[in-house]
Amino acid sequence: MPLSLHNTLTRRLEPFQPLAPPRVTLYTCGPTVWNYAHIGNFRTFLFEDLLRRYLELSGYDVFHVMNLTDVDDRTIKAAAAAGKRLEEHTAPFVAAFFADCDYLRIRKAHVYPRATQSVPAMVRLVQRLLDTGVAYRGEDGSVYFAITKFPNYGRLSQLDRREIKVGARVASDEYAKDDPRDFALWKKAEPIDEQVGAAWDAPFGRGRPGWHLECSAMSLDQIGQCCRVETLDIHAGGVDLIFPHHEDEIAQSEAATGKPFARYWLHGEFLNVGGTKMSKRFGNFLTARDLREQGVDAAAVRLLFWQTHYRQPLDFNDDALAGAQEAAKRLGEFHERVRFVGSGPTRARGRGTLAQLAQRLQADFRAALDDDLNAPRACGALFEFMRSANRELDREAAGSEDAQRAQAALAEVMSVLDVLPTPKQLDSGLVAWVEERIAARDKARKAKDFKEADRIRAELKARGVEIEDTPSGTKWRVV
Ligand code: AMP
Ligand code: ZN
């Protein structure tokens, strides 16, 4: 079965077919760097990481663009409140965002265009929209998009066309779905914009881009440069972006190019706290750095999020996180166990059951993710595999070849889910001690003092170190 994805445009599961396989162009709306991103934001970025990684595992050559919104209503307000220039205010949050992505093991996008560095592309797009007549200059000096001139307006958000108020305008970056109006493409420079350095000259007046315009301009600019196309294969974000952000992105882009803007629209549901959306505004948020400071392993965060489908709301709480932490730990121990058996020379050929289980894991894992990225089902297959494989290993029925098959299957699963705990740095004192003890045991064995050799083995075991003798020497691991 091929990969199918839920497309918000049609509200249906559709088989995924990129425009020019194996290439896939993917645009994901990035963070607004007015402050630290919270783990609700990261639920969306992790869902996009899952998508990106699974596309790559499926053989696609993904070109991933994620923008950084470093100029909009919120960044300007925050910079002014801090008494700083825009760039000075956003720089630490940009750095923090990348550090948080590394902590959460999010695969890097290929480009991160920044709004403030893409203004020429934005000016060109506004000009193009003015030239085609769908944009107009309001008497307030800003440029607006006339939604009545774009018949498809409202298609993505399934807006009732009768609600549209002709000529009514909205200047703010965010507004409600029940109040669709002509939105600002380019906002006339206000004193606060000049104060923080967020104003640029343009043929249609000094000002700054609207948030929606930024994403249209940056995505079209990037895929134009890389692939000479004007249609994205996939555009993704959180559900709160469907209206007005993505609706407006479609209007601006399609009115300018005359081509479909994106073929598949994917939206991730919210991370909630006690049923309410996690949000800076409600104060019910946690940042990635909070979790890192609490010693939470990224594997636990990833696993927690994978255990709910991306189109289902997820309620965050400490117990669920602790449960995921425990489950990730068990996976780590299991992985070590498989690796240990896989590196052993003895019982080279087992009964083959473990290899069969590994094959089933691979098939179930792919079938689950092919079905609209059903990560909870993929996790189910992984844990089922762990249970039955552990049983096989308990019976000492698996050989190293079997274990190597299992290792390969686990590596494939982990290339997408990436939920093994971060390896602990072994204390160098312990390493030296283990090596000294192993050398002493070798000496005892050579002297045929097996009693002493066994005593040292027990001594190691008491400190959690397991050993196995192989032709290339004694291997050990901490259990
Ligand atoms: P922002 O930085 O506000 O532009 O948001 C960045 C991304 O986070 C967007 O894709 C939002 O849809 C998403 N987002 C915001 N709040 C949440 C939440 N509570 N749960 C999941 N995604 C969210
Ligand atoms: Zn966007």
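The values are calculated or read from the model by the stated rules, or taken from the named source; none is laboratory data. None of these values were measured; they are calculated from a predicted model. Using ideal geometry, Cβ is built from the backbone for each residue, glycine included, and neighbour counts are taken over all protein chains shown. Only protein heavy atoms, including side chains, enter the accessible area calculation; ligands, DNA and RNA are left aside. Shrake-Rupley method; radii C 1.70, N 1.55, O 1.52, S 1.80 Å.
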(request) Filter segment 217-239 down to the residues that are hydrophobic (A, V, I, L, M, F, W, C), buried (at least 19 other Cβ atoms within 10 Å of the Cβ) and under 16 Å from Ala121 (Cβ atoms), then identify the one that is nearest to ligand 2 (Cβ to nearest atom). (result) Met218
(message) For segment 9-37, which positions are within 18 Å of Pro260 (Cβ to Cβ), touching a Leu at 6+ places or on another chain (Cβ under 8 Å) and surrounded by fewer than 21 Cβ atoms within 10 Å (Cβ to Cβ)?
(response) Leu9, Glu14, Pro15
(request) Would you please list the contacts, defined by Cβ atoms under 8 Å and residues six or more apart or on different chains, that run from a residue in segment 237-253 that is more than 12 Å from ligand 1 (Cβ to nearest atom) and hydroxyl-bearing (Ser, Thr, Tyr) to a residue that is at pLDDT 95 or above and assigned to a helix (DSSP H, G or I)? (result) Ser253/Ser216; Ser253/Ser219; Ser253/Leu220
(message) Please go through segment 347-378 and give me each residue that is within 16 Å of Glu392 (Cα to Cα), part of a loop (DSSP other than H, G, I, E, B) and either modelled with pLDDT of 95 or more or open to solvent by less than 60 Å² (accessible area, probe 1.4 Å) (or both), ordered by number.
(response) Ala348, Gly350, Gly352
(message) Among the residues of segment 64-73, are any open to solvent by 10 Å² or more (accessible area, probe 1.4 Å) and away from ligand 2 (no atom under 16 Å from the Cβ)?
(response) no
(request) Report yes if Ile106 is buried (at least 19 other Cβ atoms within 10 Å of the Cβ), in contact (Cβ under 8 Å) with a residue 40 or more places away in the chain and farther than 26 Å from Leu271 by Cβ, otherwise no. (result) no
(request) Quick one: count up the residues across segment 133-162 that are open to solvent by 80 Å² or more (accessible area, probe 1.4 Å), in contact (Cβ under 8 Å) with a residue 12 or more places away in the chain and outside any loop (DSSP other than H, G, I, E, B). (result) 2
(message) Of all residues being within 16 Å of ligand 2 (Cβ to nearest atom) and outside any loop (DSSP other than H, G, I, E, B) in segment 257-277, which is nearest to the chain's Cα centre (by Cα)? Just the residue, please.
(response) Gly268
(request) From the list Leu86, Leu55, pick out the single residue that is within 30 Å of Val296 (Cβ to Cβ), assigned by TED's automatic domain parsing to the domain that holds Glu190 and surrounded by 21 or more Cβ atoms within 10 Å (Cβ to Cβ). (result) Leu55
(message) Taking the condition of being within 22 Å of Asn374 (Cβ to Cβ) and more than 9 Å from ligand 1 (Cβ to nearest atom), how many residues in segment 38-67 meet it?
(response) 15
